Amino acid sequence: VGSTHDEATLFIGLIFPAPVPEAAYRAQIAAVFGEDDADKIVARYPVNGNGDARDEMATILTDSSWACASHDTRQQLGRHQRVSGYEFADVNVPMIFPDMPPLPGGYKAYHASELPLLFDFGVPLTPGQRELSENMIASWGRFARTGDPGWRADVQSLAAGASRPTNFAKDHKCDFWGR
């Protein structure tokens, strides 16, 4: 069971192609999560002072909608069998969707960003990304054959030159989201 570290950056870039002023941040959060929870969420995910709240909004949506849901799925399945988790976290992967608007901090490990490492998308990969690609393909194949991708961590973070176990639930504040 897996996800990418920055799933929602892709969607925030599409929904909000122009900067969202920090002054509008709380109202945007309230529109999505409701007035009752807006202050708690904004306190847990404060603006970073870059003048554009889209990166904070992307982090919130990544954690609440993808990462913690992926964590829940691993927990539920893990009651019945061993579950292997991964998080694709390579922040320098090429963008595969054309004409995306600029986003503060970039798109990082956006939704579907692992696909060029698993399939030939014809995008340029660094030597480290090619090595990661080979390791990912070998892990997926090993998992298909044996049920074991080759790592022991509950969740393995996958990035060029930096694949390692990660404390996924803590990194994505799943305790805050009640998971």
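With just the Cα atoms defining each centre, how far is segment 52-103 from segment 122-179? Give it in Å.
12 Å
Cβ under 11 Å from GLN129's Cβ, GLN129 left aside: what net charge do those residues give with Lys, Arg +1 and Asp, Glu -1?
On the way: positive: ARG130; negative: ASP90, GLU114, GLU131, GLU134.
So the surrounding residues net to -3.
Helix-derived [θ] at 222 nm for the chain: sum -39500 (n - 2.57) over DSSP H runs of at least 4, divide by residue count, nearest 500? Spell out each step's value before the answer.
Details: 8 runs with 73 residues, N = 179.
For the chain, the value works out to -11500 deg cm²/dmol.
Please state the relative contact order of the chain as a whole percent: Cα pairs under 8 Å, 6+ residues apart?
Values: 257 pairs, mean separation 52.2, N = 179.
About 29 percent, as a whole number.
Local charge sum around CYS174 (other residues, Cβ-Cβ under 10 Å, Lys/Arg +1, Asp/Glu -1)?
Values: positive: LYS170, LYS173, ARG179; negative: ASP63, ASP72, ASP171, ASP175.
Once all neighbours under 10 Å are counted, the net charge is -1.
How far, in nm, would the chain grow between ARG145 and ARG44 when pulled straight, counting 0.36 nm per residue and subtracting the alpha carbon separation?
Numbers: separation 101, 0.36 × 101 = 36.36 nm, distance 4.20 nm.
Here the segment from ARG145 to ARG44 would lengthen by 32.2 nm.
Near the amide H of PHE88, under 5 Å away, which other amide H atoms are found, from residues 5 or more places off or on another chain, if H is placed in the peptide plane?
SER3, THR4, HIS5, LEU158
So, counting K/R as plus one and D/E as minus one, what does the shell of residues with Cβ under 12 Å around ALA69 add up to?
Working: positive: ARG74, ARG179; negative: GLU7, ASP63, ASP72.
Net of charged neighbours comes to -1.
Can you give me the solvent accessible area of GLU35 with a 1.4 Å probe, rounded to the nearest 10 Å²?
The accessible area of GLU35 comes to roughly 120 Å².
For LEU132, what accessible surface area do you get with a 1.4 Å probe? Give it in Å², rounded to 10.
LEU132 has an accessible surface of roughly 10 Å² with all protein chains in place.
Which residues does the label zone of LEU118 cover in segment 147-164, counting backbone N under 18 Å from a point 7 Å along Cα→Cβ?
147-151, 155-160, 163-164
Using the basic label-point model (7 angstrom from Cα toward the beta carbon), what is the ASP37 to ASN92 distance in nanometres?
My value for the distance between the label points is 3.6 nm.
How many nm is it between the label spots at THR126 and PHE176, if each spot is 7 Å from the Cα in line with the beta carbon?
In this crude label model, THR126 to PHE176 measures out at 2.8 nm.
How big is the accessible area of PHE143 in square angstrom, nearest 10, if you roll a 1.4 angstrom probe over the protein chains?
Spelled out: PHE143, probe radius 1.4 Å, area about 100 Å².
Top mean-square fluctuation among ARG54, ARG145, ARG44, Gaussian network model of the chain, C-alpha springs under 10 Å?
Largest GNM mean-square fluctuation: ARG145.
Using a Förster distance of 25 Å, how high is the FRET efficiency between GLU134 and VAL83, based on the Cβ-Cβ distance and rounded to 0.05?
Details: r = 24 Å, r/R0 = 0.96.
After rounding, the FRET efficiency stands at 0.55.
What nm distance separates the two modelled labels at ARG164 and ALA30, each placed 7 Å from Cα along Cα→Cβ?
For the pair ARG164/ALA30, the computed spacing is 4.1 nm.
The values are calculated or read from the model by the stated rules, or taken from the named source; none is laboratory data. This structure is a prediction, so every number in the text was calculated from the model and none was measured. Glycine also receives a Cβ, built like all others from the backbone with ideal geometry; neighbour counts cover every protein chain displayed. The area values use the complete protein model at the heavy-atom level, side chains included, leaving out ligands, DNA and RNA. Shrake-Rupley method; radii C 1.70, N 1.55, O 1.52, S 1.80 Å.
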